[in-house]
Amino acid sequence: MELWVPGSELDRVGDDRIHPEWVEGLWDADGARLLRVGSAGRLPLDGSGGLRFDRTSGAFDGQRHLLVGLVNGVGVFALDAEPDEPTASGRFGMVTLGETDKDIAVTALALVNWHRVAPHCGVCGGDTLVGAAGHVRHCPSCRRDRFPRTDPAVITAILDANDRLLLAHNTAWDANRMSLVAGFVDAGESLEACVRREAFEEVGVRVGEVRYVSSQPWPFPRSLMLGFVARAESSYITVDGLEIDRAAFLTRDEYEQLLADGRLVAPGSVSIAAALIGLWRRGELSV
Ligand SMILES: [Zn+2]
(Lines give C-alpha, C1' and ligand atoms only; values in the text may rest on other atoms or scores of the structure.)
Protein backbone atom coordinates (compact mmCIF):
# COMPACT_ATOMS: atom_id res chain seq x y z
CA MET A 1 0.00 0.00 0.00
CA GLU A 2 1.39 3.38 -0.99
CA LEU A 3 0.03 6.16 1.19
CA TRP A 4 2.62 8.88 0.55
CA VAL A 5 2.21 10.90 -2.68
CA PRO A 6 1.53 7.96 -5.04
CA GLY A 7 0.60 10.48 -7.75
CA SER A 8 3.79 12.56 -7.54
CA GLU A 9 5.25 13.59 -10.89
CA LEU A 10 8.74 14.19 -9.50
CA ASP A 11 11.43 12.27 -11.41
CA ARG A 12 14.59 11.89 -9.31
CA VAL A 13 16.78 11.25 -12.39
CA GLY A 14 19.25 9.16 -10.42
CA ASP A 15 21.18 8.10 -13.53
CA ASP A 16 21.48 11.53 -15.12
CA ARG A 17 22.24 13.70 -12.09
CA ILE A 18 25.79 12.37 -11.83
CA HIS A 19 26.68 14.30 -15.03
CA PRO A 20 27.56 17.92 -14.06
CA GLU A 21 27.13 19.36 -17.56
CA TRP A 22 23.66 17.84 -17.85
CA VAL A 23 22.65 19.30 -14.49
CA GLU A 24 24.07 22.70 -15.46
CA GLY A 25 21.98 22.59 -18.62
CA LEU A 26 18.87 22.02 -16.51
CA TRP A 27 19.75 25.00 -14.34
CA ASP A 28 20.10 27.26 -17.39
CA ALA A 29 16.97 25.99 -19.17
CA ASP A 30 13.76 28.00 -19.45
CA GLY A 31 11.35 27.39 -16.62
CA ALA A 32 13.90 25.89 -14.21
CA ARG A 33 12.77 26.47 -10.63
CA LEU A 34 14.51 27.03 -7.32
CA LEU A 35 13.07 26.37 -3.85
CA ARG A 36 14.70 28.18 -0.94
CA VAL A 37 14.75 26.23 2.33
CA GLY A 38 15.20 28.49 5.34
CA SER A 39 16.45 27.94 8.86
CA ALA A 40 14.29 25.56 10.89
CA GLY A 41 13.06 24.12 7.60
CA ARG A 42 10.86 27.03 6.60
CA LEU A 43 9.43 26.87 3.10
CA PRO A 44 8.13 29.72 0.92
CA LEU A 45 4.42 29.52 0.10
CA ASP A 46 2.37 31.32 -2.52
CA GLY A 47 -1.00 32.94 -1.88
CA SER A 48 -2.94 29.72 -2.46
CA GLY A 49 -0.87 27.54 -0.13
CA GLY A 50 1.37 26.02 -2.83
CA LEU A 51 5.16 26.14 -2.86
CA ARG A 52 6.57 29.43 -4.14
CA PHE A 53 9.55 28.90 -6.43
CA ASP A 54 12.11 31.36 -7.72
CA ARG A 55 13.48 31.22 -11.24
CA THR A 56 17.03 29.93 -11.37
CA SER A 57 19.46 32.76 -12.10
CA GLY A 58 23.20 33.32 -12.28
CA ALA A 59 25.79 30.60 -12.73
CA PHE A 60 25.12 27.07 -11.55
CA ASP A 61 27.06 26.28 -8.36
CA GLY A 62 27.37 22.54 -7.83
CA GLN A 63 28.33 23.05 -4.18
CA ARG A 64 25.13 24.91 -3.30
CA HIS A 65 22.46 24.18 -5.89
CA LEU A 66 20.83 20.83 -5.12
CA LEU A 67 18.83 19.07 -7.82
CA VAL A 68 15.56 17.77 -6.39
CA GLY A 69 14.54 16.30 -9.75
CA LEU A 70 12.50 16.95 -12.86
CA VAL A 71 8.82 17.78 -13.12
CA ASN A 72 7.48 17.62 -16.67
CA GLY A 73 11.05 17.72 -17.95
CA VAL A 74 11.93 20.92 -16.07
CA GLY A 75 14.59 21.03 -13.35
CA VAL A 76 13.64 21.76 -9.75
CA PHE A 77 16.49 22.82 -7.47
CA ALA A 78 16.79 23.50 -3.74
CA LEU A 79 19.00 26.02 -1.98
CA ASP A 80 19.83 26.47 1.70
CA ALA A 81 18.84 30.15 1.95
CA GLU A 82 16.25 32.22 3.77
CA PRO A 83 13.12 32.65 1.63
CA ASP A 84 11.11 35.86 1.60
CA GLU A 85 7.84 35.78 3.53
CA PRO A 86 5.28 34.30 3.53
CA THR A 87 6.79 31.05 4.73
CA ALA A 88 5.64 28.12 6.82
CA SER A 89 7.49 25.46 8.75
CA GLY A 90 7.81 22.36 6.61
CA ARG A 91 5.58 20.04 8.58
CA PHE A 92 2.70 22.52 8.77
CA GLY A 93 3.18 24.14 5.37
CA MET A 94 2.78 20.78 3.65
CA VAL A 95 -0.89 20.51 4.59
CA THR A 96 -2.01 22.56 1.60
CA LEU A 97 0.43 21.15 -0.96
CA GLY A 98 -0.41 18.83 -3.84
CA GLU A 99 1.35 15.48 -4.10
CA THR A 100 4.19 16.60 -6.37
CA ASP A 101 4.89 19.67 -4.23
CA LYS A 102 4.88 17.52 -1.08
CA ASP A 103 7.42 15.23 -2.72
CA ILE A 104 9.56 18.23 -3.70
CA ALA A 105 9.25 19.77 -0.22
CA VAL A 106 10.37 16.71 1.74
CA THR A 107 13.19 15.97 -0.72
CA ALA A 108 14.47 19.55 -0.54
CA LEU A 109 14.25 19.51 3.26
CA ALA A 110 16.02 16.14 3.49
CA LEU A 111 18.86 17.28 1.23
CA VAL A 112 19.34 20.66 2.91
CA ASN A 113 19.18 19.14 6.41
CA TRP A 114 21.80 16.57 5.47
CA HIS A 115 24.25 19.05 3.93
CA ARG A 116 24.00 21.27 7.01
CA VAL A 117 25.45 18.56 9.24
CA ALA A 118 27.74 16.73 6.80
CA PRO A 119 30.49 19.14 5.71
CA HIS A 120 33.23 16.88 7.07
CA CYS A 121 34.11 13.27 6.32
CA GLY A 122 32.90 10.93 9.06
CA VAL A 123 36.01 8.76 8.69
CA CYS A 124 38.99 11.11 8.35
CA GLY A 125 37.42 14.46 9.28
CA GLY A 126 38.49 16.07 6.00
CA ASP A 127 36.41 18.60 4.09
CA THR A 128 33.99 16.98 1.65
CA LEU A 129 32.76 18.19 -1.74
CA VAL A 130 29.22 18.00 -3.06
CA GLY A 131 28.70 15.75 -6.09
CA ALA A 132 25.85 14.20 -8.08
CA ALA A 133 23.88 17.46 -8.02
CA GLY A 134 23.68 17.38 -4.23
CA HIS A 135 23.08 13.69 -3.61
CA VAL A 136 26.65 12.73 -2.68
CA ARG A 137 29.44 14.24 -0.62
CA HIS A 138 32.89 13.07 -1.65
CA CYS A 139 35.96 13.07 0.59
CA PRO A 140 39.07 13.79 -1.53
CA SER A 141 41.36 12.71 1.33
CA CYS A 142 40.13 9.15 1.77
CA ARG A 143 38.22 8.97 -1.53
CA ARG A 144 34.96 7.91 0.06
CA ASP A 145 31.50 8.91 -1.07
CA ARG A 146 28.89 9.76 1.55
CA PHE A 147 25.16 9.64 0.87
CA PRO A 148 22.21 11.37 2.54
CA ARG A 149 21.33 9.84 5.90
CA THR A 150 17.85 8.73 6.92
CA ASP A 151 16.86 7.54 10.40
CA PRO A 152 14.27 4.74 10.36
CA ALA A 153 11.47 5.03 12.89
CA VAL A 154 8.46 2.76 13.32
CA ILE A 155 4.93 3.92 14.02
CA THR A 156 2.33 1.32 14.91
CA ALA A 157 -1.43 1.10 14.93
CA ILE A 158 -1.92 -1.37 17.80
CA LEU A 159 -5.32 -3.08 17.69
CA ASP A 160 -6.78 -5.21 20.45
CA ALA A 161 -8.93 -8.32 19.95
CA ASN A 162 -12.03 -6.11 19.55
CA ASP A 163 -10.40 -3.97 16.86
CA ARG A 164 -10.03 -1.04 19.23
CA LEU A 165 -7.09 1.28 18.43
CA LEU A 166 -4.47 2.24 20.99
CA LEU A 167 -3.84 5.97 21.21
CA ALA A 168 -1.23 7.44 23.51
CA HIS A 169 -0.42 10.90 24.84
CA ASN A 170 3.22 11.97 24.78
CA THR A 171 4.27 14.11 27.74
CA ALA A 172 5.71 16.71 25.34
CA TRP A 173 2.38 17.31 23.58
CA ASP A 174 -0.64 19.54 24.21
CA ALA A 175 -3.05 18.03 26.73
CA ASN A 176 -5.59 16.45 24.36
CA ARG A 177 -3.29 15.40 21.53
CA MET A 178 -3.00 11.64 21.10
CA SER A 179 -1.38 9.48 18.47
CA LEU A 180 0.10 6.08 17.72
CA VAL A 181 3.08 4.51 19.45
CA ALA A 182 6.30 5.35 17.62
CA GLY A 183 10.04 5.29 18.09
CA PHE A 184 13.44 5.10 16.43
CA VAL A 185 14.96 1.80 15.39
CA ASP A 186 17.86 0.78 17.62
CA ALA A 187 21.27 -0.13 16.24
CA GLY A 188 21.18 -3.71 15.00
CA GLU A 189 17.41 -4.00 15.46
CA SER A 190 14.86 -5.27 12.93
CA LEU A 191 11.75 -3.20 12.26
CA GLU A 192 9.49 -5.90 13.71
CA ALA A 193 11.56 -6.13 16.89
CA CYS A 194 11.40 -2.34 17.17
CA VAL A 195 7.59 -2.44 16.92
CA ARG A 196 7.46 -4.98 19.77
CA ARG A 197 9.99 -3.13 21.92
CA GLU A 198 8.37 0.30 21.55
CA ALA A 199 4.90 -1.11 22.29
CA PHE A 200 6.13 -2.76 25.47
CA GLU A 201 8.37 0.12 26.61
CA GLU A 202 5.85 2.90 26.07
CA VAL A 203 2.50 1.31 26.95
CA GLY A 204 3.37 -2.11 28.41
CA VAL A 205 1.56 -3.97 25.63
CA ARG A 206 2.86 -7.21 24.17
CA VAL A 207 1.98 -7.48 20.49
CA GLY A 208 1.57 -10.70 18.52
CA GLU A 209 1.21 -10.48 14.75
CA VAL A 210 2.98 -7.48 13.19
CA ARG A 211 2.40 -6.32 9.61
CA TYR A 212 4.07 -3.56 7.59
CA VAL A 213 1.61 -1.15 5.97
CA SER A 214 3.36 1.81 4.34
CA SER A 215 6.07 4.45 4.80
CA GLN A 216 6.50 8.20 4.74
CA PRO A 217 9.58 10.42 4.64
CA TRP A 218 9.65 12.78 7.61
CA PRO A 219 12.72 15.01 7.21
CA PHE A 220 12.39 16.82 10.56
CA PRO A 221 15.28 16.49 10.54
CA ARG A 222 15.82 13.14 8.80
CA SER A 223 13.38 10.36 9.67
CA LEU A 224 11.72 7.76 7.51
CA MET A 225 8.51 6.66 9.21
CA LEU A 226 7.65 2.99 8.68
CA GLY A 227 4.01 2.34 9.42
CA PHE A 228 2.89 -0.97 10.94
CA VAL A 229 -0.26 -2.55 12.31
CA ALA A 230 0.03 -5.00 15.20
CA ARG A 231 -2.32 -7.08 17.33
CA ALA A 232 -2.14 -6.61 21.10
CA GLU A 233 -2.03 -9.84 23.10
CA SER A 234 -4.06 -8.16 25.85
CA SER A 235 -5.87 -4.87 26.36
CA TYR A 236 -4.05 -4.11 29.60
CA ILE A 237 -1.98 -0.90 29.40
CA THR A 238 0.90 0.29 31.59
CA VAL A 239 2.31 3.61 30.42
CA ASP A 240 6.00 4.29 30.99
CA GLY A 241 5.24 7.63 32.68
CA LEU A 242 8.24 9.25 31.04
CA GLU A 243 7.52 9.52 27.32
CA ILE A 244 3.86 8.43 27.55
CA ASP A 245 1.64 9.45 30.46
CA ARG A 246 -1.77 8.35 29.15
CA ALA A 247 -3.04 5.74 26.69
CA ALA A 248 -6.27 3.95 25.88
CA PHE A 249 -7.83 1.51 23.45
CA LEU A 250 -10.72 3.27 21.72
CA THR A 251 -13.62 1.98 19.66
CA ARG A 252 -14.40 3.88 16.47
CA ASP A 253 -17.48 5.39 18.13
CA GLU A 254 -15.45 6.53 21.13
CA TYR A 255 -12.83 8.03 18.83
CA GLU A 256 -15.40 9.97 16.80
CA GLN A 257 -17.15 11.20 19.95
CA LEU A 258 -13.96 12.43 21.61
CA LEU A 259 -12.94 14.14 18.39
CA ALA A 260 -16.35 15.80 18.03
CA ASP A 261 -16.26 16.98 21.67
CA GLY A 262 -12.81 18.49 21.24
CA ARG A 263 -11.45 16.21 23.95
CA LEU A 264 -9.15 14.54 21.44
CA VAL A 265 -6.75 16.30 19.07
CA ALA A 266 -5.78 14.00 16.20
CA PRO A 267 -2.34 13.90 14.52
CA GLY A 268 -1.68 16.45 11.77
CA SER A 269 -3.31 15.53 8.48
CA VAL A 270 -0.03 15.14 6.55
CA SER A 271 1.42 12.60 9.00
CA ILE A 272 1.45 8.85 8.47
CA ALA A 273 -0.22 8.59 11.88
CA ALA A 274 -3.27 10.34 10.42
CA ALA A 275 -3.18 8.06 7.37
CA LEU A 276 -3.04 4.89 9.50
CA ILE A 277 -5.81 6.13 11.79
CA GLY A 278 -7.86 6.99 8.69
CA LEU A 279 -7.52 3.40 7.44
CA TRP A 280 -8.71 2.11 10.82
CA ARG A 281 -11.66 4.52 10.95
CA ARG A 282 -12.79 3.27 7.53
CA GLY A 283 -12.37 -0.37 8.56
CA GLU A 284 -9.53 -0.85 6.07
CA LEU A 285 -6.74 -1.74 8.50
CA SER A 286 -6.25 -5.39 9.36
CA VAL A 287 -3.32 -7.19 10.96
ZN1 LIG B 1 37.65 11.14 4.46
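Counting every alpha-carbon pair across region 4-57, the share separated by more than 14 Å comes to 69%. Checking the a/c ratio against 1.5 first, then a/b against b/c, what shape does the Cα gyration tensor give for region 12-116? Note, shape of region 12-116 comes out prolate.
Using the Kirkwood radius built from alpha carbon pairs, what does the Stokes-Einstein equation give as D for the chain at 10 °C and 1.306 mPa s, in µm² per second? Write down the numbers at each step before the final one.
Details: Rh = 20.7 Å.
The estimated diffusion coefficient comes to 77 µm²/s.
Simple rule: put +1 on each Lys or Arg Cβ and -1 on each Asp or Glu Cβ in the chain, find the dipole, and look at Val207, Leu159, Thr56; the Cα lying farthest toward the positive end is Val207.
What is the percent carbon and sulfur in the accessible area of the chain, measuring with a 1.4 Å probe over the protein chains and ignoring ligands? Of the solvent-accessible surface of the chain, carbon and sulfur hold 49 percent. Simple point charges give the picture: +1 on the Cβ of Lys and Arg, -1 on the Cβ of Asp and Glu, and for the chain a dipole about the Cα centre of about 340 debye. Once both labels are positioned 7 Å from their Cα atoms along Cα-to-Cβ, the gap between Asp11 and Ser141 label points is 4.0 nm. For region 10-146, the solvent-accessible area works out to 48 Å² per residue, with a probe of 1.4 Å and every protein chain left in place.
Pairs of Cα atoms nearer than 8 Å and 6+ residues apart set the relative contact order; for region 145-287 it is 31 percent. The local environment of Arg52, defined by Cβ-Cβ distances under 11 Å, has a net charge of -3 under the rule Lys, Arg +1 and Asp, Glu -1. The convex hull of the Cα atoms of region 211-287, projected and averaged over all directions, covers 6.3 nm². Charging the Cβ of each Asp and Glu at -1 and of each Lys and Arg at +1, and nothing else, the dipole of region 176-287 about its Cα centre rounds to 280 debye. With the Cα gyration tensor of region 159-287 giving a ≥ b ≥ c as the square roots of its eigenvalues, does the rule (a/c under 1.5 for rounded; else a/b larger than b/c for prolate; else oblate) give rounded, prolate or oblate? Note, shape of region 159-287 comes out rounded. In terms of Cα atoms, the Rg and Dmax of region 95-201 work out to 19.2, 59 Å.
The values are calculated or read from the model by the stated rules, or taken from the named source; none is laboratory data. Here the structure is a predicted model, which means the values were calculated and not measured. Positions of Cβ are generated from backbone atoms using ideal geometry, with glycine treated the same way; all protein chains shown enter the neighbour counts. Please note that ligands, DNA and RNA were not included when accessible areas were found on the heavy atoms of the full protein model with its side chains. Shrake-Rupley method; radii C 1.70, N 1.55, O 1.52, S 1.80 Å.
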